[in-house]
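The values are calculated or read from the model by the stated rules, or taken from the named source; none is laboratory data. Small disclaimer: the values here were computed from a predicted structure and weren't measured. Neighbour counts run over all protein chains shown; Cβ positions are idealised from the backbone, glycine included. Heavy atoms of the whole protein, side chains included, go into the accessibility calculation; ligands, DNA and RNA do not. Shrake-Rupley method; radii C 1.70, N 1.55, O 1.52, S 1.80 Å.
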Amino acid sequence: MSLDDSQKLARRGRIVCSVLFSVFAASSGFESTVTAADWPGFRGRNVDGVSTERNVFSNDSAIGLEIAWKRPIGSGYSSVAVVDGFVVTGFSDGTSDVIVAFNETSGEERWRFAMDKTYVGHDGSHTGPIATPLIAGGRVFGLAPRGRLFALDLSSGSLVWSTSLVDDHLAAKPHYGFSASPLMHNGVLIVEIGSQVGAVAGFDPASGKRLWAVGQDGVQYQSPIPLTVFGRPQVVATGNKKIMGIDSSNGKVLWDYAHGGAGPRGAMSLVPVPAGVDRLFLAFKDNASTVVKLTREAGKVEGKQLWESRSIRNSYNVPVYHDGYVYAYSSRFLTCVDAVTGESKWRSRKPGDGFTILVDGRLVVLTKHGSVHVVAASPDGYEDLASLTVFEDMAWSPPAFANGHIVVRGLKEIARVRVRSAATASVVKRSDKDVPGRTRFAHFLAEVASATDKGATVDRFMNDKKHFPIIEDGRVHFVYRGPGNDIAVGSDIFGARQERAMTRVAGTDFFYCSEPLDDDTRANYVFIRDFEDHLIDPLNPRTTTTVVYGKEMEMSFSGQAMDMSWFAMPKWKAPDFLGTPDASRRGTITRQKLASKLEGVDVSLKVYLPAGYEKSTKKYPVAYVHGGMIALERGEWQRVLDNLIGSRIEPIIAVFVNYLPPPFRPNKYSQMFVEELVPFIDKNYRTIDSPSGRASIGAGFTGASAVACTFQKPHVIGKLGCQSPVMFGMSNEHLETELTSLGGKTLDVYLEWGKYDLRNPDEAWDMGKQSAEFAELLNRKGRQVEGGEVHDGTGWSSWRNRTDLLLAALFPKR
């Protein structure tokens, strides 16, 4: 396609989209009250993230922002709806999940409605409601996380009707709760319900009666949009497998398309974005996106994929479309992509990860760290036209725009932001966390800044250093010298889906990032060049391989390996038990296969027998190591056992289980473990057949398996060893119930976690914190816990350094 063709298509798309994606208000009083200046629900009037207001920004060089009002609220993901002077959102007040209306002009609270008891965040989610309320026809329609769908009177907040998606419509609550934002279309309330009776349902907005339900597809966190396809207004809804066009008047499926997507940031939270004439942009996979063109032949509508690309990936933000380009977050970077080709035009680390809408031809962005930005919507590059720090807390909701004001909410506050001249506006407050303090490195930076020959100054400094990264005065200075425009460092110390931009010394190819650390810290790191290339530190010979993190510091569920560099602060002590053992100390490994009826697979086992087992007649305690093959390979467990048995621990049998159950499904695996595996080992080897003779051991994801197997059946396992257990799906309440069920049963526990363990500070999950809470719970229930927090990261490059402590706690030499 030529450039002229692309421009013609973009112009045609602008003209047609302005007509086709208007609100269908003529047929229903429930839509007729919405005006061009309103923002009635999720992503605005047309659920495309685009405001229909014009002449908002008269001069790009003089845009200013200032806070009109700000009020405290509670935690939640619900965005904001603004109609008829009411600003409405949902949050948790600590006891209940509530819908609250504020006066648009003053910020005064008008009313509050408790829709359900608070939905407590879990497994990486924040507490509070997710769905955005909808205002239509003088009513507020909302959906609570446990499935209560309801209507309120807009003026008073009084309840008009209520129905339960679970009890009344046979829907199953998604893992993180119901989150579909309701849509009003031609007088019918549309909700994606994911029920046995249908994936999508239409309700009478006056009574709450279900009018129809269609589609046999799973629904998680998707929301529907209005769209006109070949002249016919309809609702377009996405499920886990398909996209459907639905006639809202009768629920008839007009067409469907198997999108082929997957993943929590892909199909499970997919909201289609109109992207030109008969085209939909779909962020349908965690690591890729696509544009689908709708075609019609013989009256039948079908979808055709035009391109698939990694140019937009790994983000919960729903993009916006403007003048032939898609503006989105790809991972944590704002990006512009040609909607025709999928080609990335630019990416920017600024303004930070967040959420986008489009207002008067400009992007309005709320970052997760609470700043609002007006950004040029242009393929020529990133340009910040105005910015303002609004919240000090985290924000996880897209902005709204109504009546010339930006309305945003964080996890603790809601605010209305006025657009006005730059002369009266505030700016984003920035703090430089990368200043290395009063160090020799700081002296070097000052020296190179004033040097005439900066390259020679950097050369002398680099030649004088023997070890990298540079460590001094309780700090690590990561340094990179070489090609690249944007250099960042990802590390255990920052967490998953995180990195730190490195500062470039002006006039050089030298980049640095400085962080204060404890004197006994050990951690991994990797350089990320120009958003794509992942590089080990060429100046540091110490390398390792992680299976916990993948590219872009994404948490790895597949076990795919990534090379990283590592460093240690001066007081870190290297393990002394990983050397080559004497021949006389070496045990043997036998192979076994368990035909599991419960799992329906053959479970491969490697069984370590200590030196002297064949000549002995005594019985041995057994360490069951979940995820055993990787423990042998990356944790060097055979070498560890050879070196520790007889010197620090008693002789033991170790069973390495070569089977990884699907994540978040430990129950079936643990049943197999206690009912099939343990009896199999007891039958084939001389074991101590009692809880005191058995330990369940795991690290990372298999740490959760170790915990589940310990609690599966009382009086089977008496020892538990965990390093950094990833316990998604195991709430503190669940763990307390399991511990209570053990009664007075003896349980020896070794539990450790890293200060820089697997975590994401933006997404409310922290495996180190959860481990600490589990340890506190164990102590409270009378179980003494050995281990605790270590100043290390996550993965086998961390865990293997303390296998001796784990084994000595569970099997001390007697």
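Quick notes
- Test result for residue 661, in a loop (DSSP other than H, G, I, E, B) and open to solvent by less than 40 Å² (accessible area, probe 1.4 Å): yes
- Taken over region 122-157, the criterion of being farther than 16 Å from residue 96 by Cβ and either without any contact (Cβ under 8 Å) to a residue 12 or more places away in the chain or basic (Lys, Arg) (or both) is satisfied by 139 alone.
- Pick from region 527-582, criterion of a type in the set (Ser, Thr, Tyr) and free of Cβ contacts under 8 Å to residues at least 40 places away in the same chain, ranking: least open to solvent (accessible area, probe 1.4 Å): 556
- Which listed residue is touching a strand residue (DSSP E or B) at 6+ places or on another chain (Cβ under 6 Å), crowded, with 20+ Cβ neighbours inside 10 Å and without any contact (Cβ under 8 Å) to a residue 40 or more places away in the chain, from 356, 335: 335
- Filtering region 76-95 to residues that are open to solvent by 30 Å² or more (accessible area, probe 1.4 Å) and among the hydroxyl-bearing types (Ser, Thr, Tyr) leaves 77, 95.
- Test: residue 680 is of a type in the set (A, V, I, L, M, F, W, C) and either open to solvent by less than 10 Å² (accessible area, probe 1.4 Å) or modelled with pLDDT of 95 or more (or both): yes
- Taking (1) farther than 15 Å from residue 246 by Cβ; (2) in a strand (DSSP E or B) in turn, residue 189 satisfies each apart from (1).
- One residue from 73, 130 being modelled with pLDDT of 95 or more, open to solvent by 20 Å² or more (accessible area, probe 1.4 Å) and under 22 Å from residue 389 (Cβ atoms): 73
- In region 499-536, residue farthest from the chain's Cα centre (by Cα) [restricted to those that are small (Gly, Ala, Ser) and not in a strand (DSSP E or B)]: 507
- Condition check for residue 309: over 22 Å from residue 53 (Cβ atoms), open to solvent by less than 20 Å² (accessible area, probe 1.4 Å), modelled with pLDDT of 95 or more and hydroxyl-bearing (Ser, Thr, Tyr): no
- Of the helices (runs of 4 or more DSSP H) lying entirely inside region 730-814, those carrying at least 2 residues that are open to solvent by less than 50 Å² (accessible area, probe 1.4 Å) and over 30 Å from residue 315 (Cα atoms) are 732-741, 767-780, 803-810.
- Meets criteria (in a strand (DSSP E or B), under 28 Å from the mean Cα position of the chain (by Cα) and under 30 Å from residue 759 (Cβ atoms)) for residue 478: yes
- Residue match in region 248-257 (condition: in a loop (DSSP other than H, G, I, E, B), within 24 Å of residue 178 (Cβ to Cβ) and either touching a helix residue (DSSP H, G or I) at 6+ places or on another chain (Cβ under 8 Å) or open to solvent by less than 20 Å² (accessible area, probe 1.4 Å) (or both)): yes
- Checked against (1) in a loop (DSSP other than H, G, I, E, B); (2) in contact with a Leu (Cβ under 9 Å, 6 or more places away or on another chain); (3) open to solvent by less than 30 Å² (accessible area, probe 1.4 Å); (4) modelled with pLDDT of 95 or more, residue 381 passes all but condition (2).
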